[in-house]
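The values are calculated or read from the model by the stated rules, or taken from the named source; none is laboratory data. This structure is a prediction, so every number in the text was calculated from the model and none was measured. Methodologically, a virtual Cβ is constructed for each residue, glycine included, from the backbone with ideal geometry; neighbour enumeration extends over all protein chains shown. Calculation scope for accessible area: heavy atoms of the full protein, side chains included, ligands and nucleic acids excluded. Shrake-Rupley method; radii C 1.70, N 1.55, O 1.52, S 1.80 Å.
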Amino acid sequence: MRVEGKLSHLKGVKWHEWAVRFVFGGACTVAAGLIAKHWGPVVGGLFLAFPAIFPAGASLIEQHEIEHKKRIGVDGTARGRAAASVDAAGASLACFGLVGFALVVWKGLPGHNAVCVIAGATAVWMAVSVALWVVRKSRWMHRRKKG
């Protein structure tokens with residue numbers, strides 16, 4: 001499955017799908033805040049690392065693929081699951097970037113300006129995530145050429 005992004009696909013997202021993502025993400029954030037209030041910021045921070053909109057996003061991706069295939073008269077279950085799994089692979093790569101983000105913030109905040117530290121941490125997150133994606137894509141292309 002080829003991974004690509006098309007802004008035109010945003011038009012096909014229904015308002016209630018945005019609401020599901022927003023509510024689920026907000027609920028995860030509130031839960032992390034309550035955990036932090038009860039057990040402290042270190043434990044709460046672990047729960048902030050939960051990919052708040054991923055579960056909602058993965059299920060919506062699967063549903064969209066199934067509906068798309070149904071419109072052309074094909075069972076899209078396998079395609080939907082494959083699309084959700086590709087999304088999960090991307091989320092797992094981004095989690096490694098999140099580790100880099102957290103390390104920069106953890107070590108940088110005590111002695112530096114918060115805005116600068118967060119900007120640098122965001123750059124680290126993006127660099128790690130994109131680098132891992134490029135490596136994964138090149139390995140996939142290499143295996144595809146061999147096979």
Working from Cα positions, state the angle (0 to 90°, nearest 10) between the long axis of helix 77-108 and the longest principal axis of the chain. 20
Which whole-number percentage describes the relative contact order of the chain, with Cα contacts under 8 Å and a sequence gap of 6 or more? 16
Count the lysine pairs in the chain whose Cα atoms lie under 27 Å apart, taking only pairs 8 or more positions apart in sequence or on different chains. 13
Angle between the chain longest axis and helix 114-146 axis [Cα atoms, degrees, rounded to 10]: 30
Name the shape class, rounded, prolate or oblate, that the alpha-carbon gyration tensor gives for the range 77-119, where a ≥ b ≥ c are the square roots of its eigenvalues, rounded holds for a/c under 1.5, and otherwise prolate holds if a/b is larger than b/c and oblate otherwise. prolate
Taking protein heavy atoms only, a 1.4 Å probe, and rounding to whole percent, the accessible area of the range 6-147 owed to carbon and sulfur comes out at 71
Accessible-area order for Cys28, Cys95, largest to smallest, probe 1.4 angstrom, reads Cys95, Cys28
With all protein chains modelled, accessible area of Arg79 [1.4 Å, Å²]: 100
Hey, could you get me the Stokes-Einstein D for the range 44-147, Kirkwood radius over alpha-carbon pairs, 20 °C and 1.002 mPa s, rounded to whole µm² s⁻¹? 134
Rounded tilt (10° steps) of 54-71 against the dominant C-alpha axis of the chain: 10
For Ser138 and Leu103, what is the calculated FRET efficiency with R₀ set at 35 Å and r taken between the beta-carbons, to the nearest 0.05? 0.85
How much length is gained on full extension from Cys95 to Leu34, taking 0.36 nm per residue of separation minus their Cα-Cα distance? 19.7 nm
Expressed in nanometres to one decimal, the distance between label points 7 Å along Cα→Cβ at Asp75 and Ala127 is 4.8
I'd like to check one number: the per residue accessible area of the range 6-91, probe 1.4 Å, reported in Å² as a whole number. 69
Sorted by accessible surface (1.4 Å probe, heavy atoms of the protein chains only), largest first, Asp75, Asp87 come out as Asp75, Asp87
